[in-house]
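**Q** The structure follows.
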Amino acid sequence: MIHWKLASHSLTHHVRENGLFILASSVLIAINYIFWSLLGNDSLKHSVNGDIIIKIIGIGLMFVALIAVIFMFYVNSFLIKQRNQELGLYNMLGLTRNDLRLILIIENFCLYIVSLIIGFVLGVTFVKLAFLVLQRLLDDYRIKETFSPTALLTVTILFGLTFVAILIYDFLLIRQIHPADLWKLSEKGEQEPKSRWLTGIIGVLLLGGGYFIAVTTKPSAGSILRFMVAVILVVMGTYLVFITGSIIFLKFLKSKPNYYYKPNHFISVSGMLYRMKQNGAGLASICLLCTSILVTIIATTSLFVGEQNLVQLWNPYDIITATPQPINKQAKLATEQIAHQSDVKIGSRHQYRMTTPTDGILKDGQFVKK
């Protein structure tokens, strides 16, 4: 009973920090629910070009899920800082390490339940807007929004596993640091971040590999898988570059006396060094979201602007007459007569041979026409 009281006191005492955490997790839950609802919608699957749309939504879902998991850990880092002092105080009052773990379990469980409720309310509300926008974009009003229990269950499990991973991470922090030292840790000043060369190099390689795959992949229906791999590499590489690569670069600048010990450089480099340690993941998330918005705007603009060029490429002539035999004088006269009746002026004419597809099935190794 005492554990529930202490956990509820911590949640209500730090309403601002916990409220921001709930807001962030609820928005991420709502976005993931919308994507999973679109992905499992039967009317969307059977619409025109439904398979391609589902694949594109799958790429977006994977991108959003990766950002959601990483961003949840980033937001949790602010909560654990304000919990350190309380956990240290509880340990000084006689609570064991297992008691501290139980308090964390209760707090995370309450945050998880509240985030799920608010997130699903937002998701169910805005998924209707998502389907209305999709209907307008595709000009297909046969696409109908339906409640998806599968999406509900999937998002619940996904974020349940995320909260469990966050809880395990908090347990490891308590295990590495003696609980009695948590009180001093909360009052300890910010230390200079360490240079992690391995993760920084891995981040640069992942980011470069992702952009290389994206640039070298030719646009085709089979390139969706390669593009999904590129998305994963870019997301992971961006986070590692911002979190560790930026610190390595700033410490490199700091090691150059001729550059660092100047009024403008000294203040900016030293300030950025601590800011990137605290806000590297947040800046990476903003960078990825801005990049995704730019990609979406450029792709949709290219499709609308190049629509007429695509039609001209696929249908270079206004009228095409297909005949099983070479065109004769009688067919030419008939064409001129129809053009005259329709008040259409005939311009250049071209005649060429082409093959036509034949419908059939393979039966016992033989092609049989339908």
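**Q** Could you please let me know if ILE113 is open to solvent by less than 50 Å² (accessible area, probe 1.4 Å), free of Cβ contacts under 8 Å to residues at least 24 places away in the same chain and among the β-branched types (Val, Ile, Thr)?
**A** It is false that ILE113 is open to solvent by less than 50 Å² (accessible area, probe 1.4 Å), free of Cβ contacts under 8 Å to residues at least 24 places away in the same chain and among the β-branched types (Val, Ile, Thr).
**Q** Give all pairs with beta carbons closer than 8 Å in which a residue from the stretch 345-370 that is free of Cβ contacts under 8 Å to residues at least 40 places away in the same chain and open to solvent by less than 100 Å² (accessible area, probe 1.4 Å) meets a residue that is aromatic (Phe, Trp, Tyr) and part of a strand (DSSP E or B); count only pairs at least 6 apart in sequence or on separate chains.
**A** Once the first residue is free of Cβ contacts under 8 Å to residues at least 40 places away in the same chain and open to solvent by less than 100 Å² (accessible area, probe 1.4 Å) and sits in the stretch 345-370, its partners that are aromatic (Phe, Trp, Tyr) and part of a strand (DSSP E or B) give GLY360/PHE367; ILE361/PHE367.
**Q** When you scan the stretch 23-63, how many residues do you find that are over 16 Å from the mean Cα position of the chain (by Cα) and of a type outside the set (A, V, I, L, M)?
**A** Total meeting the criteria: 10.
**Q** Scan the stretch 1-29 and report the pairs whose first residue is open to solvent by 90 Å² or more (accessible area, probe 1.4 Å) and whose second residue is at pLDDT 85 or above and assigned to a helix (DSSP H, G or I), with Cβ atoms within less than 9 Å and a gap of 6+ or a chain change.
**A** Going by the 9 Å Cβ cut-off, the qualifying pairs are TRP4/ILE106; LEU23/SER115; LEU23/ILE118.
**Q** Moving on. What is the residue count in the stretch 22-51 for residues that are over 15 Å from ILE67 (Cα atoms) and either part of a loop (DSSP other than H, G, I, E, B) or among the aromatic types (Phe, Trp, Tyr) (or both)?
**A** Of the residues in that region, 7 qualify.
**Q** Next up: Which one is least open to solvent (accessible area, probe 1.4 Å) among residues in the stretch 116-168 that are charged (D, E, K, R) and touching a helix residue (DSSP H, G or I) at 6+ places or on another chain (Cβ under 8 Å)? So that I can check it myself, show each step before the final result.
**A** First, pick out the residues of the stretch 116-168 that are charged (D, E, K, R): 128, 136, 139-140, 142, 144-145.
Applying the additional criterion that residues be touching a helix residue (DSSP H, G or I) at 6+ places or on another chain (Cβ under 8 Å) yields 142, 144-145.
On the way: ARG142: 162, LYS144: 117, GLU145: 58 Å².
Only one residue fits best here, namely GLU145.
**Q** Can you find, within the stretch 288-339, the residue that is surrounded by the most Cβ atoms within 10 Å (Cβ to Cβ) among those that are among the polar types (S, T, N, Q) and not in a helix (DSSP H, G or I)?
**A** THR321
**Q** Another question about this same structure. Inspect all residues belonging to the stretch 132-145 and state whether any of them is touching a Ser or Thr at 6+ places or on another chain (Cβ under 6 Å), part of a helix (DSSP H, G or I), modelled with pLDDT of 75 or more and farther than 30 Å from PHE252 by Cα.
**A** No: the stretch 132-145 contains no residue that is touching a Ser or Thr at 6+ places or on another chain (Cβ under 6 Å), part of a helix (DSSP H, G or I), modelled with pLDDT of 75 or more and farther than 30 Å from PHE252 by Cα.
**Q** Taking the criterion of being on the phi < 0 side of the Ramachandran plot, hydroxyl-bearing (Ser, Thr, Tyr), surrounded by fewer than 17 Cβ atoms within 10 Å (Cβ to Cβ) and assigned to a helix (DSSP H, G or I), would at least one residue in the stretch 52-75 satisfy it? Steps first, answer last, please.
**A** Initially, the stretch 52-75 is screened for residues on the phi < 0 side of the Ramachandran plot, giving 52-75.
With hydroxyl-bearing (Ser, Thr, Tyr) added as a condition, the list becomes 74.
Among the residues that remain, those that are also surrounded by fewer than 17 Cβ atoms within 10 Å (Cβ to Cβ) are: none.
Among the residues of the stretch 52-75, not one is on the phi < 0 side of the Ramachandran plot, hydroxyl-bearing (Ser, Thr, Tyr), surrounded by fewer than 17 Cβ atoms within 10 Å (Cβ to Cβ) and assigned to a helix (DSSP H, G or I), which makes the answer no.
The values are calculated or read from the model by the stated rules, or taken from the named source; none is laboratory data. Remember, predicted model here, so these are calculated numbers, not experimental data. All Cβ positions, even for glycine, are placed from backbone atoms using ideal geometry, and neighbour counts span all protein chains on display. Please note that ligands, DNA and RNA were not included when accessible areas were found on the heavy atoms of the full protein model with its side chains. Shrake-Rupley method; radii C 1.70, N 1.55, O 1.52, S 1.80 Å.
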